[in-house]
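Enquirer: Next up is a structure, given as structure tokens.
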Amino acid sequence: MASVKLENLLKKYGDVEAVMGINLGIADGEFMAFLGPSGCGKSSTMRMIAGLEDITAGSIYFDGKRVNEVRPRDRKVAMAFETYALYPTLSVYENLAFPLRAAKWPQDQLDKRVREIAEIMWIAELLDRKPHELSSGQQQSVGLARALTREPAVFLLDEPISHLDTRQRIRMRAYLKSLHIELEYTMIYVTHDQEEAMALADRVAVMNLGLINQVGTPDEIFNNPADTFVAGFIGEPPMNFLNCEFVQENDHGFLKYNGIMMDMPPQYQPLIQKAEIPKRVILAVRPFYIDIGLEKSTRHTIPAEVFIVESLGDISIVSVDVLETRLQIVTQPGFRAEAKQQIWLAFDPSRTVLFDAETEKAVSVSVQD
Ligand code: ADP
Ligand code: MG
């Protein structure tokens, strides 16, 4: 296995700037996800790591050794992509054996390895079949298994299970995670699916427009998003935003949304005296951390009007309007309300995050001296 380092990595296709200078360290044995919307440069970055794409500028290191000029096959990367080109005339067994035969493995070791991987990937009963006799999900499993047969220095997966239906995808996700725990490969996993990235990765690099906006553990990017892009991209339903004005009265800070006054979350209080809160801020809170009251109370102070309630069985999603801003709230099942009904909201103050409305970056709560 190897550690991977990306240094000021840049990729241009003619005038298109696909990757605009990214820096990232991936530890030996780490599971790193590249997460971002379509076109943000995930695959380009991946293909440069694999050696399949010229590097416009910057460097890639494996275990501290620069590999920019190292040929793909000498980088010892294994790859699994969204579409797998299995050899149509070969059996599943021979498809799995192919990379090992090419590497001149002795027959007994080869046979042991193929059966071991087939067992791990739950395709042992398919070894005698031809690719055309497999479902698309089974083909993806075989493609993944083939990529795994040779123990790679780095294992690259680009949307490897996006073709599967939801149920198969969740099953494969659990396999991949257990596989990583078992094999301890360094894995880089490209996906546009935030749930997949969160479920699988040790750390997630959230990308947008050719840049990495934030790198962190799933918990870090969920609870402390670095900017509004990350905040809005992670979580389902996504984080709610309210454009507010910061108002200071003596030592006390308030947030004002169109005349509605809200207390400043306590973790930001120390910044008030230091005048480190921007005038225009975006208050963000996750759907799970808003509580609904049917009456106004000392806690439920934010007036809102119900738009619609969606009962999903285990939870309900309540869409409400606070003046012209629509928010989504996750409640316990069984919540009932009429459209246009007046309700009162309480935001969990320890769970609200402030962003500078101008830069869209998080207001840092660590007070700097
Ligand atoms: P992602 O994998 O995140 O969807 P890509 O790395 O595939 O993003 O693409 C990033 C950008 O580079 C996109 O704007 C895409 O259209 C462009 N791009 C990708 N490959 C090529 C190519 N071979 N030639 C020209 N433009 C490309
Ligand atoms: Mg891609």
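The values are calculated or read from the model by the stated rules, or taken from the named source; none is laboratory data. The structure displayed is predicted, hence computed values, not measured ones. Cβ atoms come from the backbone with ideal geometry, glycine included; neighbour counts cover every protein chain shown. The protein model used for the area step is the full one, side chains on, heavy atoms only, and it has no ligands, DNA or RNA in it. Shrake-Rupley method; radii C 1.70, N 1.55, O 1.52, S 1.80 Å.
Enquirer: Using the alpha carbon gyration tensor of the stretch 238-307, what are the three equivalent-ellipsoid semi-axes (square root of 5 times each eigenvalue), largest first, in whole Å?
Expert: Semi-axes from the Cα gyration tensor: 23, 14, 11 Å.
Enquirer: Evaluate the charge dipole of the chain about its Cα centre and quote only its size in Debye, nearest 20, assuming +1 on the Cβ of each Lys and Arg and -1 on the Cβ of each Asp and Glu.
Expert: Taking the Cα centre of the chain as origin, the dipole is about 920 debye.
Enquirer: For the stretch 240-356, what is the convex hull (Cα atoms) projected area averaged across all directions, in square nanometres?
Expert: 7.1 nm²
Enquirer: Considering amide H positions built from the backbone, and no H for Pro or chain starts, which residues 5 or more places from residue 363, or on another chain, come under 5 Å of its amide H?
Expert: Sorted by chain and number, the residues that satisfy this are 354, 355, 356.
Enquirer: Can you pull out the GluC sites (Glu not before Pro) in the stretch 277-313 that DSSP calls coil and that have at most 15 other Cβ atoms within 10 Å?
Expert: 295
Enquirer: OK, next. In whole percent, how big is the carbon plus sulfur part of the accessible area of the chain, probe 1.4 Å, protein atoms only?
Expert: In the chain, the share of accessible area belonging to carbon and sulfur is 50 percent.
Enquirer: How much accessible area per residue does the stretch 154-272 have, in Å², with a 1.4 Å probe?
Expert: Accessible area per residue, the stretch 154-272: 42 Å².
Enquirer: Turning to a different aspect of this structure: Once ligands and nucleic acids are excluded and a 1.4 Å probe is used, how much of residue 17 is accessible, expressed in Å² to the nearest 10?
Expert: Approximately 100 Å² for this residue.
Enquirer: Going by amide H atoms built from the backbone, whose H comes under 5 Å of the H on residue 264, apart from near neighbours?
Expert: Those qualifying (amide H under 5 Å, at least 5 residues apart or on another chain) are 253, 255.
Enquirer: Next question. Take 286, 146, 280 and sort them by solvent-accessible surface of the protein heavy atoms, 1.4 Å probe, largest at the top.
Expert: Correct descending sequence by accessible area is 280, 146, 286.
Enquirer: For residue 12, go through the lysines and keep the ones whose alpha-carbon is under 30 Å away, minus same-chain ones fewer than eight residues off.
Expert: In chain and number order, the partners are 42, 65, 76, 361.
Enquirer: Helix-only mean residue ellipticity at 222 nm, the chain, DSSP H runs n ≥ 4 weighted -39,500 (n - 2.57), per residue, nearest 500. What is it?
Expert: Result for the chain: -7000 deg cm²/dmol, rounded to the nearest 500.
Enquirer: Please figure out what share of the DSSP beta bridges in the chain is antiparallel and state it in percent, rounded to the nearest 5.
Expert: Rounded to the nearest five, the antiparallel share is 80 percent.
Enquirer: Check which residues have an amide H placed less than 5 Å from residue 302's amide H, if you skip close sequence neighbours.
Expert: The answer is 345.
Enquirer: Step by step: find N for the chain, compute 2.2 N^0.38 Å, then divide the Cα radius of gyration by it. What's the final number?
Expert: Relative to the rule-of-thumb radius for its length, the chain sits at 1.20.
Enquirer: Per 5 Å bin, what is the whole-percent P(r) computed from every C-alpha pair distance within the stretch 77-201?
Expert: 2, 11, 23, 25, 22, 11, 5, 1, 0
Enquirer: Can you put 34, 335 in order of accessible area, largest first, using a 1.4 Å probe?
Expert: The ordering from most to least exposed comes out as 335, 34.
Enquirer: Compare 66, 73 by solvent-accessible area with a 1.4 Å probe and give them largest first, with all protein chains kept in place.
Expert: My answer, sorted largest first, is 73, 66.
Enquirer: Here is a further query. Just want the answer: with Cβ charges of +1 for Lys and Arg and -1 for Asp and Glu, which residue in 126, 271, 32 is farthest toward the dipole's positive end in the chain?
Expert: Result: 126.
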